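Structure, as C-alpha cells:
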Amino acid sequence: MLERLRTDLTYWEIGPYHGALPGPMRLKLRIDGEIIVSGELETGFLHRGLEKAMELHPWPATITYADHLDPEAAVFGELALCLAVEEISGLEAPPRAQAIRVLLSELTRISAHLGYIARVGRATGAETLIHYVLRDRERILDLFELLTGARYSLNFVRFGGVAADVTEGFIERVLEVSELMRVRLKEYNDLFTFNHAFLLRAAGMGVIEMGLAFRHGLTGPNARAAGISFDVRKAHPYLGFEALDFEVPLGHGEAGRQGDAHDRFLLRLREIPQSLEILKHVAENVPSGEYACMKIEREFEVPRGEGYGRVESSRGLLACHVVSDSGRFPARIQFRVPTTATLALLPEVIAGLPIADLPVLLASLDLSLAEADR
Amino acid sequence: MSSYPQEASWINLLSSTLGFTPGTQEWVFAAIGLVFIYCVIILPSAAMMSFLDRKLSADFQARVGPNRAGPAGVFQPLADLVKLLQKEAASTDWNWREALWLGVHTMALYSTVAVIPLGSMALLVDTDMSVFLPFWAALVLALGTMLLGFSQASVPGWFGGIRIAAQVLAGAFPSLVAVLCAGIHSGDYRWSAFVGAQAAFPLRWTAFSDPFQFIAFVVFVAGGLVMLAVPPMDAAVSLRDLHGGVSSHLFGRRLSLYRLGRFYGFFLWSVMATVIFLGAWTLPFGLGGVLRTREELWLLQLLETLWLLGKTFLLMLAITSLARVHPRGRIDQVTDFSWKVLSPFSLFALIGSALWTGWGLLR
Amino acid sequence: MKSSIFSTVRAYLYDVYLRFRSIWGSLLTALPYLWGAGELRKEVTEQYPDPISSRTADDLPARSRGLLFNDIQRCTGCKECEKICPVQCIRVDTEAGSDPTKLWVARFDIDFSKCVFCGLCVESCHPQSLMHSRQYEGAVYELKDLVASFGRGYVTAEQRMKWAALRKQAESDEVYL
Amino acid sequence: MELAAIITKLNKAAPGAVLQKARFGRGGAQAIWIEARALPAVAATLRNDPDLKLDWLENLSVAQLEDALVITYFLRSRETPLCAILRATVTLNENESPAELPEVPSVREIWPMARSMERESSELFGIRFGGELAAAGILPKGWRGFPLRKSYVFPQEVFGIAHSRQGTDHA
C-alpha cells in the first residue's frame, strides 16, 4: 500500500524559534507525508562564547559564567568548575560546605526534573499537570531564593566552599518540601504518568537503543532509561556521595520498550524520590563548622596546573577541564556537556517518526540548547 | 406533541413587534432571526463560556484565573474581544484567499443557526431532515477550514487543513450513526420529535432510556469533539507541533472570527446533544404545560431557552474540564479512536437500540 | 498467548476500558481542586505585588538580589566592583577629593541592561556601600534609563584646585600634629 | 590495569607513539602524551585491546599553551572502571589560511562520539581533524578567525552591528 502511495518528499525547516523546540535550533526535515524521512540539525544560535569569556575574567567571575551554562540547573556548572579549580589549587571545602552543596545539587536536580515533567506535559497538551508541577517547583525556587538570593542563576558555589552559610529555617524548609514532594509525586502519577492517552503518545515512541546511546556517549537519565547504568555520583563520587545511600534507577520499558519516551519520563520521576532521600539524610546531618575554607578575593590566583571535575547534572555527565597558567585569569576552561550527545543522536531518533511526535520527542529528550551551544 | 402552529412562533411575535406586516418575505424573517440568535444567544454564550471555562480550569489547576477585569474578572471576554479587534495586521498585503475561505467557513457555520433548536417555539426549520443539516454544515465547514489552511501557503496551514478534513470525516460517521440510534428511539428526525420522546425527569431522557442510547450519547459527544476538533481531540489544531494549524497565520479580527466560529461549532454540537439525548428544553414539574395553557408564550420560550442553555453549558463545562486533565491525542490516534472505537460502538448501539425498540413495540 | 478472535476482542475491549478508566482516574485527582479541599490544594497564584492579596517586596528573603544600590557616602571609589563584574556593567570614575583617605566618586554608573545580578560586586565591596536593594521593578521606557547613576558628578577645575589646597592643608596638619 | 601496562601495549602496537607519561592535575591521574600522527593507531589499540576496551570518549578538550594546541582525550571504558587520558600536541602557526591550519588525525571512526566534539573544536580553534575544517554551525557564516585561540582579536563590528551600544557610552 505504502509503496504504491509513494509521493515526493517535502522539506520543512523548523526554527530557529518555534514553540515545539526546546531552544533556538533549526531542524531541517525531509518529510514523506507526515513521516520524517531524515532530519538535520543546526545549532549554535545560543552560542555566547562562555568558554572564551571565562578566559577574559578573573577567577571568581568565572563562576558567574559557569552558572549561565544552563540557568535552569545552574549549580551543576558551578560545581564542576569549582571541583576542577579546587583540584588544582588544593583547596578543600569544609564538610559543612559539602553538605550545602549536596543540598543545592539535589534540589536543583529535582527542580530541573520538575521542569522536564512540565515540558513533557506541555508537549502532550496536559495543562493541569504543567500547573501542578510548576507550582511545586516554585517551592524549590523559593528555597533557592532563601539560601542564595536568586531563583535561577544562583551563583552561590565558590572555590573551596559556598558563598554564605545556610539561613535560618532553610534546613527545616528543605525537609518540609521533601515531605511535600512525596505527596505530589503520587499526584502526578495518578494524574498523568500512566494515563492511557499519554501512554499512546509516549510508550514505544522515540526509542533510544542501548547501542545507539553508547555510540554517541549518551549519559544521564536518557542513557539510564536506555539501560546504561552510569551515574557519576557512583562512578566518581564527589561531595561525599560515596557515603550516601541511594539507588540509580534504570529503565525497564514498563509501558513500551526500554529507552522510549515514556521510560525517560518515568526514570526522572523515579530519580526524584532518590534525590529526596539524599536531601533528607543530608539535611538532618549538616555538620557544623565553616562554610568556606577561605574568602575568595578578586586577586585569587590559581597555581599552574590542570584540573578535571565531573558532576552528574540533571542531564548527565557534566565535566569541566580547567587549565591554569598561574595567574588571575584562567588559561582555558572547557566544558563537556551531556546535551551534545543527545543532539548528536537526535537525527537518528527522529527518522521514521510522524511530525506530530516531534514535540513530545524533543521534550522527552530534555535538551538544553543553552548548555550545548555555550 | 407535534409541531406548534406557525402563528405561535416567536419570530412572528418579534417581527410583529418590530412592525412588519404578515406579507413580508420569509427571508426577512429568517435574516432577523439569524441576527437575533447570533447577538442574543451565541455571542453572550461565547463570552460566558470562555469566562466559565477559564475560571473552572483555574480552579482545577490551583490558580485564580482572570480576576482583574471587572468583579472576579467577568469582563475578561470583553477585554479580550476589544484587544483582538484593535490588533493591526502583521503584514500589509491583503491575503484575499484567506479572507474568502474564512468567509466560506464562517457562512457555512452560521447557516446552521437556522436549524439550531432553542425552544419549542424557536424552531426556524423543523423538517424531518433538520437534525442532519448541521452535519452538512460541518462538511462545508471542513472544506472551508481546509482551504483556509491551504490559502495560507504555510506548512502548519497545509497540515492543519488536511488534518481538519481527516478529523471531520472520521468524526462524522459515528455521530451520524448515533443520531440514527436516537431517531429509532424517538421515531422521527424532527427536533420536535426528539423533544416529544423525552420528559423532564433524567431517567426519561433518551440518553438514559436504555443502555444502547447511552452508548449512542457518548459516541455522539465524542464524535462531535473529533469532528469539530475540540480539546482534547484537537490534534488538527495542535499548538505544539503545528503552531495552531489553520489559525497559525490568522490575527486580530480574523482570529476572533475564527475562534468564535470554533466556539459556535462546539456550542451547536452541545445544544444538539442536549436536545437529542439530554431531555431538551422540557421544563420540570410540568411548568411547560401550565405556561402554555395560560398563553404566557414569551415567558415559556424564555424559560425553555434558559433551561436548555443551562444544560448545554453544564455539558460543555464537563467536556472542557475533561480536556484539562486529558493529554492531547496525536492526529492518527484521534482518527483511529473515531474509526476503531466510536464507529464499532455506534454500530453496536444502532443494532442494539433497533432490537430494544422493536422488542418494546412487540410487547 | 494464542491469538484468537476472542482474545483480540477481549484485548480491544480492555483497551477501551483502560481509556475510560484513565480519564476517570485523572479526573478524580483533579476534581478535589474544584472545591479547594485542604491545605494541599489551595490556590497558589501570587498576584502581582499588591499589598493586600499577595507578598510584596518586604516579604522577600533577606538575601534577595534586587536592583543594586550604592550608598555614595560610604563609597571609597576603590573600583573593586568594576574590576570583578563579569559583564562590565559598572563604570566608576574617581578623582582626588578633599578627604585624603577617600576618592571623589565623580561617576558611578550601573547598567542594568547588562547586569546579571550575580552579587559578586556586593561581595567584594569593602566599605559595604554597594548592596542589593529589594527593588525589582526595573522596567523603563528607554534603554538609557536603565543606567543607574550614583556618582557625585564631575567637578570644575576651580573646585579641584580648592580641594588640592585642602588636602595639602590636611597633610601638613598631620605632619605638625 | 596499570598505566605502565597500557604504555607497554601501546609501545608494542605503535612503536614510538608514546612520548611520555605525565601527571595530570593534582590527583592520581596520569596522562599519556603521544605523537599526534600516531593517534589513529593508538586509539584503535586502546579501543580494541580486550584488556583495555576504552571504547568511550568522554571528553575532547583543546587548550592553547603558548604556541601549541594541546588536545586531551578523556577516555573510559563501558565495562570496566578503567579511565585514561591521552594527550597530543600540534604547533600553531599564525597563518590562518585553511591550508596552513594545524592538522590532527580524526578519531571519529574509532570513537563515534568524537564527531560532534571534533567539529566544535575544529570550528573554534581552527584545527583540521582528519584534514577537513568542519563547521559545527556555531559561528555565523563568514566569520573570520578562531575565537578560542589566544591571538584572536575581537572585531569592533560584526556584519554592520557595532560592538558598543549607542546612547550609552559603556564599552
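When peptides A:331-343, D:81-93 are ranked by their average number of other Cβ atoms within 10 Å per residue, the highest-first order is A:331-343, D:81-93. Across peptide A:355-365, the average count of Cβ atoms from other chains found within 10 Å of a residue's Cβ is 3.
Under a 5 Å amide H cut-off, with hydrogens placed 1.01 Å from N, residue D:129 pairs with D:104, D:134 among residues at least 5 apart or on other chains. Sorted ascending by nearby beta carbons within 10 Å, beginning with the fewest, A:106, A:277 become A:277, A:106.
Under 18 Å from a label point set 7 Å out along the Cα-to-Cβ vector of residue A:210, the amide N atoms of the range A:250-274 belong to A:250-261, A:263-264, A:267. Qualifying chymotrypsin sites (Phe, Trp or Tyr not before Pro) in the range A:8-56, where qualification requires a DSSP coil assignment and no more than 11 other C-beta atoms within 10 Å, comprise A:17. When only Cα pairs below 8 angstrom with a gap of at least 6 residues are kept, chain B shows a relative contact order of 22 percent. For the pair residue B:83 and residue D:44, label points projected 7 Å from Cα toward Cβ lie 6.5 nm apart. Put in line by how crowded their Cβ is, counting other Cβ atoms within 10 Å and starting with the fewest, B:205, A:59 read B:205, A:59.
Rounded to the nearest Å, what's the spacing between the alpha carbon centres of the range A:83-133 and the range B:181-224? Just the number, please. After rounding, the separation between the Cα centres reads 55 Å.
Find me the longest stretch of chain B that has none of the exposed GluC sites (Glu not before Pro), where exposed means in a DSSP loop (not H, G, I, E or B) with at most 15 other Cβ atoms within 10 Å.
Answer from the scan: B:89-294.
Using only Cα atoms, locate the centre of the range A:143-160 and the centre of the range A:205-272, then give the distance between them in Å, rounded to an integer. Each part reduced to its Cα centre gives a spacing of 27 Å.
Partner shielding of C:116-128 amounts to 5, given as the average count of beta-carbon atoms from other chains within 10 Å of each residue beta-carbon. What you get for chain B, charging only the Cβ of Lys and Arg (+1) and of Asp and Glu (-1), is a dipole of about 880 debye around the Cα centre. Structure remark: mean-square fluctuation, Gaussian network model of chain B, C-alpha springs under 10 Å; the largest value among B:179, B:325, B:140 belongs to B:325. Build a GNM of chain A with springs between Cα atoms under 10 Å apart, and of A:15, A:160, A:121 the one that fluctuates most is A:15. Applying the criteria of a DSSP loop state and at most 13 other Cβ atoms within 10 Å to the chymotrypsin sites (Phe, Trp or Tyr not before Pro) of the range C:30-118 yields C:35.
Taken as Cα centroids, the range D:35-108 and the range C:93-143 sit 46 Å apart, rounded to the nearest whole angstrom. Checking every one of the trypsin sites (Lys or Arg not before Pro) in the range B:269-325 against DSSP loop status and a limit of 14 other Cβ atoms within 10 Å picks out B:294. If r is the Cβ-Cβ distance from residue B:30 to residue C:139 and R0 is 45 Å, what FRET efficiency results, to the nearest 0.05? It comes out at approximately 0.25. Once C-alpha pairs closer than 8 Å and six or more residues apart are averaged by separation and normalised to the residue number of the range C:62-176, the relative contact order reads 34 percent.
For the range A:23-120, the residue among A:82, A:43, A:66 whose Cα projects farthest onto the positive side of the dipole built from Cβ charges is A:43. Mean sequence separation of contacting Cα pairs (under 8 Å, at least six apart), scaled by the length of chain A, corresponds to a relative contact order of 27 percent. Take D:134-144, B:107-117 and order them by the average number of nearby Cβ atoms within 10 Å per residue, most first; the result is B:107-117, D:134-144. Between residue B:100 and residue D:3, the simple label model (points 7 Å from Cα in the Cβ direction) yields a spacing of 7.8 nm. Kirkwood analysis of the range B:175-323, using all unique Cα-Cα pairs, places the hydrodynamic radius at 16.7 Å. Given R0 = 45 Å, the distance between the Cβ atoms of residue A:40 and residue B:339 translates into a calculated FRET efficiency of 0.80. For the range D:3-162, the Cβ-based charge dipole about the Cα centre amounts to some 480 debye (Lys, Arg positive; Asp, Glu negative; other atoms uncharged). Extending 7 Å from the Cα toward the beta-carbon at both residue A:10 and residue A:298 defines two label points whose distance is 5.8 nm.
If you add up the charges near residue B:323, with Lys and Arg at +1 and Asp and Glu at -1, over every other residue whose beta carbon is less than 12 angstrom from its beta carbon, what do you get? Neighbour charge sum, excluding residue B:323 itself: -1. Listed by chain and number, the aspartates and glutamates whose C-alpha is less than 20 Å from the C-alpha of residue D:53, apart from same-chain residues fewer than 8 away, are A:231, D:2, D:79, D:109.
Candidate cross-link partners of residue A:28 among the aspartates and glutamates, defined by an alpha-carbon separation under 19 Å and a same-chain spacing of 8 or more, comprise A:8, A:13, A:40, A:42, A:348, A:357, A:373, B:241.
With the highest mean first, a sort of the peptides A:193-202, C:16-25, B:348-357, C:75-84 on other beta-carbon atoms found within 10 angstrom per residue produces A:193-202, C:75-84, B:348-357, C:16-25.
The dipole here belongs to the range A:10-373: it is taken about the Cα centre, uses +1 on the Cβ of Lys and Arg and -1 on the Cβ of Asp and Glu, and is about 380 debye. Per residue of peptide A:335-345, the mean number of Cβ atoms on other chains within 10 Å of the residue Cβ is 3.
The numbers here are math on the coordinates, done by the rules we state, and not lab data. Everything quoted here is computed from the prediction, not taken from an experiment. All Cβ positions, glycine included, derive from the backbone under ideal geometry; neighbour counts span all protein chains shown.
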